[in-house]
1. Where does the charge balance sit around Val249 when Lys and Arg score +1, Asp and Glu -1, over other residues with C-beta under 12 Å from its C-beta?
2. If r is the Cβ-Cβ distance from Leu52 to Glu258 and R0 is 45 Å, what FRET efficiency results, to the nearest 0.05?
3. Considering only DSSP states other than H, G, I, E and B, which trypsin sites (Lys or Arg not before Pro) in the stretch 235-311 qualify as loop sites with at most 13 other Cβ atoms within 10 Å?
4. Relative contact order of the chain, please, whole-number percent, based on alpha carbon pairs below 8 angstrom and at least 6 residues apart.
5. What longest range of the chain stays clear of loop-exposed GluC sites (Glu not before Pro) (DSSP non-H/G/I/E/B, at most 14 other C-beta within 10 angstrom)?
6. Between exposed chymotrypsin sites (Phe, Trp or Tyr not before Pro) in the chain, where DSSP calls loop and at most 12 other Cβ atoms lie within 10 Å, what's the longest gap?
7. Indicate the helices, whole DSSP H runs only, in the chain that combine a mean Kyte-Doolittle hydropathy of 0.5 or more with a Cα extent along their long axis of 15 angstrom or more.
8. In deg cm²/dmol, rounded to 500, what helix-only [θ] at 222 nm does the chain give when every DSSP H run of at least 4 residues adds -39500 (n - 2.57) and the total is split over its residues?
Amino acid sequence: MTILCEPAARAGQLSPALGGEVRVVETLGEASRLLSTDPLESLVVVGSAMNLDEALTFTEALRFEQPSVGVVLLRDVVDVVVLTKALRSGVREVVARDDLASLVDACARSRALSAQVSVVPQPRFTEHRQGQVITVFAAKGGCGKTTLAVNLAAVLAAGGERSVCLVDLDLAFGDIGICLRAEPVRTIVHGLGMLGHVDAAGASSLLTNCRPGLSALLAPVEPGDAERVPAGLVTELLEVLPTMFDFVVVDTPSAFSEHVLAAMDASHHHVLLTTPDVPALKNLRVTLDMLDLLSYAHDIRSVVLNRSDAKVGLTMDDIDRVVRSDIRAHVPSSRDVPISVNKGNPIVLDQPKHPVSEAIARFAREHVLAEPAVVAAKSKRWFR
Ligand SMILES: Nc1ncnc2c1ncn2[C@@H]1O[C@H](COP(=O)(O)OP(=O)(O)OP(=O)(O)O)[C@@H](O)[C@H]1O
Ligand SMILES: [Mg+2]
């Protein structure tokens, strides 16, 4: 069902485009009353005759009280000012009054999002937390960053005691959505309109709820969208998300991009991955030297050796000589890892007793949960 908020004379032209049962109301107050009596309602189309500021206040209130209800706003003219204000308030889409085809599409997208939001209960961000940011990085591709980030986030969220947000900073090729079977209806690219004023309400409207206690900020899906995301948006989001979650785990691409550095700056832990092969070890060495050069503190670093049991002709001494620092976790190799990815269920949840799961859970227990968070060495970086 849909509520259409528009004077009856205009509503007649719009109702057929909305499909299904449409209840027409002439004021936003009437719309609020209908919503409070019908928990199954999922969409309000606010017509162009409604005052913009009142429509935005209505949407803002709804976002907290009934987050599964979407608002699609019709305007005579859609310009950047209207769009920015509307997206800030939580309006899902703004459509030109006469563009009925776009209205049909916007309503369909909003209903799909509402169906997803109502399946998993939304966390309520009423408390101000001081969460920790953990960035998982390796300069060589395919070392297991996404595998570790997803499983670390899942193990931290398991049991329901802690809230965790997984951030996919692999903007061009991110696959966290696939690993967790989460539909990328909202992604980081929808945050572009919030640049310069990201707040908890805005950030929460970008998130996908994946499991109880585990939300994700997914990477864009459209080709070309990755380049539209500025590093400044990452910085803002990583300031706000730790106020909403106990842990924010960031998956990264395998390059020292501006976005990765923004994440490193915001982090309480740098988890640096390698596998036991010469190219990955060489890239880890370069990474460690680079982090030293940028004056990041040593004690926020953890080196993790993935596929640690792979028989590739290197001894532990060979590896230690290159790494020159403590290896804090040895995660074995197992074909059950890609199998769990194909199932869309992280191995730590699918098989908690598996040696891979135990290694990741031990790392979380001993090096993430046990250690007091150290403030990242933000001020020490000598270039920005
Ligand atoms: N311990 C492991 N045992 C077996 N397979 C693994 C292990 N860790 C990762 N893999 C597999 O290796 C492949 C690469 O892992 P993953 O995608 O996590 O790496 P990545 O560093 O994120 O790669 P990219 O640089 O492409 O983002 C995946 O198919 C994953 O299932
Ligand atoms: Mg990856």
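1. Numbers: positive: Lys145, Arg162; negative: Asp168, Asp246, Asp251.
So the environment of Val249 carries a net charge of -1.
2. Working: r = 35 Å, r/R0 = 0.79.
In this case the efficiency is close to 0.80.
3. Working: sites: Lys282, Arg285, Arg301, Arg307, Lys311; in loops: Arg307, Lys311.
In loop regions of the stretch 235-311 (DSSP not H, G, I, E or B), the sparsely surrounded trypsin sites (Lys or Arg not before Pro) are Lys311.
4. Numbers: 722 pairs, mean separation 60.4, N = 384.
Contact order relative to length: 16 percent.
5. Details: sites that count: Glu21, Glu127, Glu161.
Segment 162-384 is the longest.
6. On the way: sites that count: Phe173, Trp382, Phe383.
So the longest stretch without any such site is 174-381.
7. Numbers: long enough: 8-18 (16 Å, 0.36); 52-65 (20 Å, 0.05); 100-119 (29 Å, 0.81); 145-157 (18 Å, 1.40); 231-244 (20 Å, 1.21); 278-293 (22 Å, 0.62).
Helices meeting the criterion: 100-119, 145-157, 231-244, 278-293.
8. Details: 15 runs with 155 residues, N = 384.
Helix-only estimate at 222 nm: -12000 deg cm²/dmol.
A short reminder: the numbers here are calculations on the coordinates, not readings from a lab. Keep in mind that this is a model prediction, so the values were computed, not measured. Note that we place each Cβ from the backbone using ideal geometry, even for glycine, and neighbour counts take in every protein chain shown.
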